[in-house]
Structures are given as C-alpha cells and as structure tokens.
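K.L.:
Here's a structure for you.
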Amino acid sequence: VDILLGEKGVIDELDEAQLQLQAMLTSRNIKPFRARAQTRLKELSDTSEALALWAKVQQTWCSLESVFLAGDISKEMPLVAKKFQKLDKDFVNIMHKAKEDGFVVKATMNEVLRSQLPVMHEELQFCQNKLDSYLHRSLRYDLVVEPESKEVTVTATVSLRNDGPTTGTVVVVGNNSG
C-alpha cells in the first residue's frame with residue numbers, strides 16, 4: 001500500500017502559500033484578480049485541512065494494521081477486527097485513487113475523500129480505543145521492589161490467546177540515590 005510521505009513539508013508549504021495570498025489580498029492592485037485569489041486561498045486552506053486529517057488517519061491506520069491483520073487480536077475482538085478490515089479496504093482504495101490523481105491538491109479536492117476522512121478517522125479512533133481497552137484488561141503486572149539490591153522486577157502477563165497467557169519478566173537496576 002502506498003502511503004503519504006512528507007506531508008508535514010507539504011502542509012508547511014501550503015501554509016506559506018496561504019500567507020502569501022492573504023498578503024496579496026490586502027493590496028489595492030489585486031482588484032482584477034481578487035475572486036481568483038480568494039478561490040485559490042480557499043482551495044489551499046481546504047487542502048491543508050484535508051491533508052492534516054489524512055495524515056492522522058494514516059498514522060492510526062498504520063498502527064492498527066499489523067495488529068488487526070495478524071490474527072491473534074482478530075480472534076479475540078472479531079467485531080472490531082471486522083470493522084477494521086472494512087476501514088483497511090477503504091484506506092487502500094483512497095491511497096490507490098490518490099496515487100492515480102498524482103497531485104495533493106487534486107486528491108484532496110475529491111468529495112468522496114473529503115467525506116470519508118472524518119468518518120474513517122472517527123471509526124479508526126473507535127478501533128484504537130477498543131484495542132486499548134482490551135489490552136488494558138488483558139495486561140496484568142506485578143511489581144516487586146528490592147530496596148537493598150536496588151532492583152525493580154516487573155512481571156507482565158498478557159492473555160491474548162485461548163491457549164494461555166504469555167509472561168515476561170524485566171529486571172530494572174537503577175541508581176536509587178534519592
């Protein structure tokens with residue numbers, strides 16, 4: 001799947017172009033071009049907003065893709081996984097269409113994209129929240145502090161499969177000079 005790269009730089013350039021257009025609009029010499037400049041300013045503003053939201057959607061999608069398509073979580077959270085699979089398909093389609101368009105302004109002017117992004121963002125946040133809640137319920141940890149040896153032992157147990165929990169232990173040794 002193709003993803004957006006360098007969107008922060010593009011957003012910065014869009015913001016700079018908007019500032020320049022706003023400055024031009026204050027000039028008395030802009031009168032014959034005012035309507036065109038205002039239209040362009042609106043397009044740049046809309047593009048910047050859509051691109052910022054698109055980047056958020058992509059970031060959330062990227063963080064959830066490997067989790068929900070891997071299998072273990074999908075078995076434990078089948079309804080959320082099914083919702084994510086639909087979102088995954090929609091996201092892949094959006095990215096494919098954007099690649100065909102080739103230019104960010106053209107891609108973000110697509111009404112389908114503009115209407116899908118807010119909904120997709122909300123639904124991806126829903127999936128993320130459900131995953132966070134599930135992991136919070138599934139994670140149990142025990143903390144053992146050994147003051148004389150300056151060791152902290154953390155044992156975490158995560159139950160993600162029906163075949164039993166996975167346990168790991170981390171020993172942290174630190175300078176407890178406070």
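K.L.:
So, in the stretch 1-53, how many residues would count as being under 30 Å from Leu69 (Cα atoms), among the charged types (D, E, K, R) and surrounded by 13 or more Cβ atoms within 10 Å (Cβ to Cβ)?
P.N.:
Taking the stretch 1-53 first, the residues under 30 Å from Leu69 (Cα atoms) are 1-8, 49-53.
Now restrict to residues that are among the charged types (D, E, K, R): 2, 7-8, 49.
In the following step, the residues that additionally are surrounded by 13 or more Cβ atoms within 10 Å (Cβ to Cβ) were identified as 7, 49.
Residues in the stretch 1-53 being under 30 Å from Leu69 (Cα atoms), among the charged types (D, E, K, R) and surrounded by 13 or more Cβ atoms within 10 Å (Cβ to Cβ): 2 in total.
K.L.:
Let me ask another. Just checking, does the stretch 74-91 include any residue being open to solvent by 80 Å² or more (accessible area, probe 1.4 Å), among the charged types (D, E, K, R) and at pLDDT below 90?
P.N.:
Scanning the stretch 74-91 turns up at least one residue that is open to solvent by 80 Å² or more (accessible area, probe 1.4 Å), among the charged types (D, E, K, R) and at pLDDT below 90.
K.L.:
Checking the structure you have, find out if any residue of the stretch 69-87 is under 24 Å from Met120 (Cα atoms) and outside any helix (DSSP H, G or I). Walk me through it before giving the result.
P.N.:
The first filter runs over the stretch 69-87 and keeps only residues under 24 Å from Met120 (Cα atoms), leaving 69-87.
Filter once more, keeping what is outside any helix (DSSP H, G or I): 71, 77.
Yes; the residues of the stretch 69-87 include at least one that is under 24 Å from Met120 (Cα atoms) and outside any helix (DSSP H, G or I).
K.L.:
A follow-up question, please. Can we say Glu123 is assigned to a helix (DSSP H, G or I), crowded, with 16+ Cβ neighbours inside 10 Å and charged (D, E, K, R)? So that I can check it myself, show each step before the final result.
P.N.:
Details: assigned to a helix (DSSP H, G or I): yes; crowded, with 16+ Cβ neighbours inside 10 Å: yes; charged (D, E, K, R): yes.
Yes; evaluated as a whole, the condition is true for this residue.
K.L.:
Tell me yes or no: at least one residue of the stretch 108-115 is closer than 18 Å to Leu5 by Cβ and open to solvent by less than 60 Å² (accessible area, probe 1.4 Å). Walk me through it before giving the result.
P.N.:
We begin by selecting, within the stretch 108-115, every residue closer than 18 Å to Leu5 by Cβ; these are 108, 113.
Retained after the next criterion (residues that are open to solvent by less than 60 Å² (accessible area, probe 1.4 Å)): 108, 113.
Checked against the condition, which is being closer than 18 Å to Leu5 by Cβ and open to solvent by less than 60 Å² (accessible area, probe 1.4 Å), the stretch 108-115 yields at least one hit.
K.L.:
In the set Leu69, Leu14, Leu4, Leu21, which member is aliphatic (A, V, I, L, M) and out of contact with any helix residue (DSSP H, G or I) (no Cβ under 6 Å at 6 or more places or on another chain)? It would help to see each step written out before you state the result.
P.N.:
On the way: Leu14 fails: out of contact with any helix residue (DSSP H, G or I) (no Cβ under 6 Å at 6 or more places or on another chain); Leu4 fails: out of contact with any helix residue (DSSP H, G or I) (no Cβ under 6 Å at 6 or more places or on another chain); Leu21 fails: out of contact with any helix residue (DSSP H, G or I) (no Cβ under 6 Å at 6 or more places or on another chain).
Sole residue among the options that is aliphatic (A, V, I, L, M) and out of contact with any helix residue (DSSP H, G or I) (no Cβ under 6 Å at 6 or more places or on another chain): Leu69.
K.L.:
Another question, then. Do we have any residue at all in the stretch 85-100 that's among the aliphatic types (A, V, I, L, M), touching a residue at least 12 places away in the same chain (Cβ under 8 Å) and touching a Ser or Thr at 6+ places or on another chain (Cβ under 8 Å)?
P.N.:
No; the residues of the stretch 85-100 include none that is among the aliphatic types (A, V, I, L, M), touching a residue at least 12 places away in the same chain (Cβ under 8 Å) and touching a Ser or Thr at 6+ places or on another chain (Cβ under 8 Å).
K.L.:
Now for a different question. Which residue out of Ala107, Ala55 is assigned to a helix (DSSP H, G or I), under 20 Å from Ile11 (Cα atoms), of a type in the set (Gly, Ala, Ser) and modelled with pLDDT under 85?
P.N.:
Working: Ala55 fails: modelled with pLDDT under 85.
Unique residue meeting the criteria: Ala107.
K.L.:
Taking the condition of being in contact (Cβ under 8 Å) with a residue 12 or more places away in the chain and either within 30 Å of Val10 (Cβ to Cβ) or open to solvent by less than 40 Å² (accessible area, probe 1.4 Å) (or both), how many residues in the stretch 58-73 meet it? Steps first, answer last, please.
P.N.:
Applying the first criterion (in contact (Cβ under 8 Å) with a residue 12 or more places away in the chain) to the stretch 58-73 yields 58, 60-65, 67-69, 72-73.
Next, only the ones that are either within 30 Å of Val10 (Cβ to Cβ) or open to solvent by less than 40 Å² (accessible area, probe 1.4 Å) (or both) stay: 58, 60-65, 67-69, 73.
Of the residues in that region, 11 qualify.
The values are calculated or read from the model by the stated rules, or taken from the named source; none is laboratory data. Remember, it's a predicted structure, so these values are computed and weren't measured experimentally. For neighbour counting, all protein chains shown are included, and Cβ atoms are generated from backbone atoms with ideal geometry for every residue, glycine included. What goes into the accessible areas is simple: the full protein's heavy atoms, side chains included, and nothing from ligands, DNA or RNA. Shrake-Rupley method; radii C 1.70, N 1.55, O 1.52, S 1.80 Å.
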